[in-house]
Amino acid sequence: MRKNAEQVTGGCMCGAVRYAAPKPHSVIYCHCRSCRRHTGAPVASLAGYLREEIVWSGEMRKIYQSSPGIERGFCSECGTPLTWEGTVEELGGALIEVFISTTDDPDALVPTYHIWHEERIKWFETPDNLPRYRGWMHDGSEPYLRAPATRE
């Protein structure tokens with residue numbers, strides 16, 4: 001399995017919205033309630049970019065403001081969740097993270113850490129030894145776990 005693709009392409013289920021981007025800056029698992037609700041999955045996997053690094057084609061994605069300063073992109077035709085979008089000053093500004101399941105080659109994008117791990121669904125855990133952060137990883141905090149959590 002390849003770690004990260006040099007070029008990432010993807011789009012929605014119906015093909016109306018497409019995107020192309022370079023190798024991502026990060027590939028993560030996000031356990032926050034908002035990402036889980038947006039995707040309907042127990043955990044979200046995302047590849048992170050600066051906003052200007054992604055080139056969109058086809059139909060424009062529809063944007064939903066899920067909380068102050070945070071937007072969620074999706075296809076207005078088929079409803080596929082596509083993005084988390086927001087500003088993170090620690091990373092230099094406006095970010096877009098695409099859900100890796102929308103990429104053409106999701107096997108090429110392997111997560112390297114977990115964020116918002118304390119918000120996880122307690123019965124769900126991934127069997128890896130990746131760092132797990134209580135919240136946002138870029139706030140200067142250290143991971144609180146480096147292995148799967150035990151059920152609480």
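The numbers here are math on the coordinates, done by the rules we state, and not lab data. Since this is a predicted model, take the numbers as computed values, not measurements. Note that we place each Cβ from the backbone using ideal geometry, even for glycine, and neighbour counts take in every protein chain shown.
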**Prompt:** Of the chain, which part is the longest with no trypsin sites (Lys or Arg not before Pro) in a loop (DSSP not H, G, I, E, B) and with at most 14 other C-beta atoms within 10 angstrom?
**Reply:** 4-121
**Message:** From the gyration tensor of the Cα coordinates in the chain, what semi-axes in whole Å does the equivalent ellipsoid have, largest first, with each one equal to sqrt(5λ)?
**Reply:** 25, 16, 16
**Asked** Can you give me the Cα centroid spacing of the stretch 111-152 and the stretch 19-49 in angstrom?
**Response** 14
**Request:** Compute the distance in nm between two label points, each set 7 Å from the Cα along the Cα-to-Cβ direction, one at Glu142 and one at Glu53.
**Result:** 2.8
**Asked** Tally Lys and Arg at +1 and Asp and Glu at -1 over the other residues with C-beta under 11 Å from the C-beta of Val98: what net charge comes out?
**Response** -2
**Request:** Identify, among Pro127, Ser57, Ala94, the residue whose Cα sits farthest towards the positive end of the charge dipole of the stretch 7-139, taking +1 on the Cβ of Lys and Arg and -1 on the Cβ of Asp and Glu, with the dipole about the Cα centre.
**Result:** Pro127
**Asked** Taking the Cβ-Cβ separation of Ala149 and Cys78 as r and a Förster radius of 35 Å, what is the calculated FRET efficiency to the nearest 0.05?
**Response** 0.50
